[in-house]
Every structure is written in structure tokens, then in C-alpha cells.
Amino acid sequence: MNAPLHGIRIVEIASIGPGPFCGMMLADHGAEVIRIARPGGAGSVTVEATDPLLRSRRTITLDLKKPEAVGAVRKIAATADGLIEGFRPGVMERLGLGPDLLIGDNPKLVYGRMTGWGQTGPLAQAPGHDINYIALSGALHAYGPAGGKPAFPINMVGDFGGGGMMLAFGMLSAILGAKATGRGQVVDCAMTEGSAVLMSMIWGFRGAGRWSDARGTNLLDGGAHFYDTYETADGKWVSIGAIEPQFYAALRQVMALDGDEWAAQFDPRQWPVLKARLTEMFKTRSRDQWCAAFEGHEVCFAPVLGFDEAVADPHNVARGAFIDVGGIVQPAPAPRYSISEAVPPAMADESDSAAILADCGFTPDEIAVLTA
């Protein structure tokens, strides 16, 4: 296999959201991810057989309330480079699968822990979801229209950007370290901190006096008339990102923005008036008409596409950005490599449980007990 993570084995204890996303990223790029699912519970293959986040896994269902199942996980983890889990702090320890025990069994093991608040601190045991974690980090405060309430970006910033993707990065960093030193360690991935890291550029702008705490009044949050979305005559939307002078000049050319007032591009005092003008202008044509008008002009323009439209878009088709796996349309693995290849995704199943256990050194009698 030519995948870049070929030869790395990860044990994934079933969870929801960011944990499976981390597992998907690792599996997409060649790691062997053995998913330990709970019988009939959240994360079981039966319940989530069509979930793209679970693709390309080798999956076993084990009841971790049974000692023999706990022992099996320990034995599997002893053959692995890493383990990821998404329980509240202390749960894995109570199951008999805490990092001290597993790293004791396998000194090179990297033990990844995915939580909202982190393993320590006053909120470590508090429940929460993405919206709460990005609220506490300050990220949520930045999203939303001027004068309006905070508008959360689905669960992209906490669960997936600040959580699953950050854990995948941490796991690979620590695995590289373990291969060099022979020492595994715990990766404590908290979505509060991950979402804060994603805001690093904005903190830099703020420190330089270039970002206001008032939502919807800044360069990149919808405050500027040249960086926003606009509704068209047919109720659809387009996006404009004409920040650089040459792109702004092209915007002015296409839309015949000839008045002197348009020259003061970076004067925030003018932005509300100019935005109102653009809002009216974009409503005079359909989205397709605006696409035709901007074609060939370097404005930083794109239509806002729905799900089905994104799948059918010629650029996305040419790049193979979306694929069909088992009848489920989903994003293809990314990023791409010049030499290596991602793993062709396959939906999760449990058909290879015995083979997985055999690969991890279990005897036929042990396999019979665990798969009964």
C-alpha cells in the first residue's frame, strides 16, 4: 500500500463527533484503525453503518463491562502505535483501560484523549457540546452579524477543527516522537483550546488594534462590503472576497462602481453604506447571471452552492472532491499527495472481527469467546 500512514495501527474506542473524525482522518491516509464499538450503543456499526466518519475501519464490538473484553482491548492496544478515546476524564480508568496501564503494557503507545474542556480544570467533569466549548474559548463571540446574536458555525470549529483534526495532528506528532525516543505519552486534546488556536490570526489582528470586539464590523466577519455574501434576485447567494487592491478594482469594474465613495475601500466608516448599495445591486440579477458577469474577472467570487450543487460543480467533479461509498455521497479524502495515495474509502462493517483478533495475537479459543 502506498498510503502515507501505512504501518501505523490505531485503536479507536467508539465515541461521537470529533473522535470518529480523528479516526477517519487517520484511516483515510493509511493507518489501520481498529474501532472498538459498544453493543447497540453510540458508535456501534449497526447504528451508524452509513456514517462517513466511520469509513475505512476494522471494527469489533466488545462489551467493556466484561473483564474478558477489557483484557482483549489491552492486548490489542499492546500491538498498536496509538489509542484514541472520547470519554469524560476518569471513565477509561474506571474501565481498567487508563493510560498508565496501557502505556505500562506498551511503552511506545500514544494515548489520545478527546474532550471538550480537557482532562483537568474546574470544568473537566462538566457536560457540554461544541457550542459550549467555542463559547468559552472566545471563538463563538466572533461569529454573527453586526448588532445580532452570536451565530455558531454548525460544529466545524469545536468538534472537527479544534477537536478531531487537532487530535489527529497531536497523535501523529506524538507517534513520530515515540518512534524516535521509544516513549509514548498522553495527548490531552480539549476543544476549548483547539478552537482558541484556530483563532490565532484574529488574536493577532486584535493585538495590533485591527480587530474590534463588536461582531460584524471587521474585515473578515462580514463588516466589510467587499468580503461578504449577497442575496441575488432568485433568492440564491454569492460570495465576494475582494480584499487585495487588484481584486477590488476588478469588482468595481464588473459592477460599475465608479463613484469616488468606492475608492475608500478600507475606511470602516463607509462600509455600512457601501454594503447597503451592493445589497441592492446584487438583487437585480439572478445568481447565474452574476456568475456569467464575473466569469473571467479576478474578483475572488464564487456562488454559494447547496449540497447537491457542490457535488455537481465542474471544478469539484474534475478534482473528485466528492465520492459515493455504499450509496452515501460524501467528501473524498483530503489532502492529496504527489506520490502517496489515500485509502479508497469503504463503509464500516464487522465482517473481519475474527481476522482482527488473529492479527493481534489471539488464540482460536480466545477468538471464539470474544466473538460469541
Item to check | Selection of chymotrypsin sites (Phe, Trp or Tyr not before Pro), region 241-287, meeting DSSP coil and at most 16 other Cβ within 10 Å | outcome: Phe266
Checklist entry - What is the list of residues in region 218-261 whose amide nitrogen lies under 18 Å from a point 7 angstrom out from the Cα of Glu309, following Cα to Cβ? => result 228-241
Item to check | Where a label projected 7 Å from the Cα of Ala256 along Cα→Cβ would reach, residues of region 282-321 with amide N under 16 Å | outcome: 282-286, 290, 293-294
Checklist entry - Can you list the lysines whose alpha carbon is less than 29 Å from that of Lys65, not counting same-chain residues fewer than 8 positions off? => result Lys75, Lys108
Item to check | Whole-Å distance, taken between Cα centres, linking region 1-16 and region 106-120 | outcome: 16
Checklist entry - Which FRET efficiency, nearest 0.05, do Lys75 and Ser239 yield, Cβ-Cβ r, R0 45 Å? => result 0.30
Next on the checklist: Counting heavy atoms of the protein chains only and a 1.4 Å probe, report the per residue accessible area for the chain as a whole number of Å².
Outcome noted: 49
Checklist outcome for this item: Stokes-Einstein, Kirkwood over Cα pairs, region 67-119, 20 °C, 1.002 mPa s; D in µm²/s equals 191
Next on the checklist: Among Phe307, Phe294, Phe322, which one shows the highest mean-square fluctuation when the chain is modelled as a Gaussian network with alpha-carbon springs under 10 Å?
Outcome noted: Phe307
Checklist entry - Which value, in Å² and to the nearest 10, is the accessible area of Arg285 when all protein chains are kept and the probe is 1.4 Å? => result 90
Item to check | region 69-115, accessible surface, carbon-and-sulfur percent (1.4 angstrom probe) | outcome: 54
Checklist entry - By DSSP, what percent of the beta bridges with both residues in the chain are antiparallel, rounded to the nearest 5? => result 35
Checklist entry - For the chain, what's the relative contact order in percent, using C-alpha pairs closer than 8 Å and at least 6 residues apart? => result 19
Next on the checklist: Please give the Cα centre distance for region 130-162 versus region 233-299, rounded to the nearest Å.
Outcome noted: 27
Checklist entry - Considering the chain as a Gaussian network with a 10 Å cut-off on Cα pairs, which listed residue, Cys189, Cys360, Cys291, attains the greatest mean-square fluctuation? => result Cys291
Checklist entry - Of Ala135, Ala249, Ala72, which is the most mobile in a GNM of the chain whose springs link Cα atoms less than 10 angstrom apart? => result Ala249
Next on the checklist: Taking every alpha carbon pair in region 157-236, what does the distance histogram look like in 5 angstrom bins from 0, in percent?
Outcome noted: 3, 13, 14, 13, 14, 13, 11, 8, 5, 4, 2, 1, 0
Item to check | Range in the chain, longest, excluding exposed GluC sites (Glu not before Pro) [loop by DSSP; at most 16 other beta-carbon atoms within 10 Å] | outcome: 1-294
Item to check | Label selected from (i) 242; (ii) 293; (iii) 172, the criterion being volume of the Cα convex hull per residue in Å³ as computed here | outcome: (iii)
Next on the checklist: So, taking all protein chains as they sit and a 1.4 Å probe, how much accessible area belongs to Asp213, in Å² rounded to tens?
Outcome noted: 90
Checklist outcome for this item: Evaluated at 25 °C and 0.890 mPa s, the Stokes-Einstein D of region 1-145 based on the Kirkwood radius over Cα pairs, in µm²/s, stands at 152
Checklist entry - When the solvent-accessible surface of protein heavy atoms is calculated with a 1.4 angstrom probe, in what order do His129, His297 fall, highest first? => result His129, His297
Checklist entry - When the Cα atoms of region 236-347 are enclosed in a convex hull and the volume is divided per residue, what value in Å³ results? => result 150
Next on the checklist: Using a 1.4 Å probe on the protein heavy atoms, what percent of the accessible area of region 140-250 belongs to carbon and sulfur?
Outcome noted: 63
Item to check | FRET efficiency, Ala332 to Glu231 (Cβ-Cβ, R0 35 Å, nearest 0.05) | outcome: 0.70
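The values are calculated or read from the model by the stated rules, or taken from the named source; none is laboratory data. No experiment lies behind these values; they were computed from the predicted model shown. Reconstructed Cβ throughout: ideal geometry from the backbone, glycine too, with neighbour counts over all protein chains shown. To get the accessible areas, we keep the full protein, side chains included, count just its heavy atoms, and leave off ligands, DNA and RNA. Shrake-Rupley method; radii C 1.70, N 1.55, O 1.52, S 1.80 Å.
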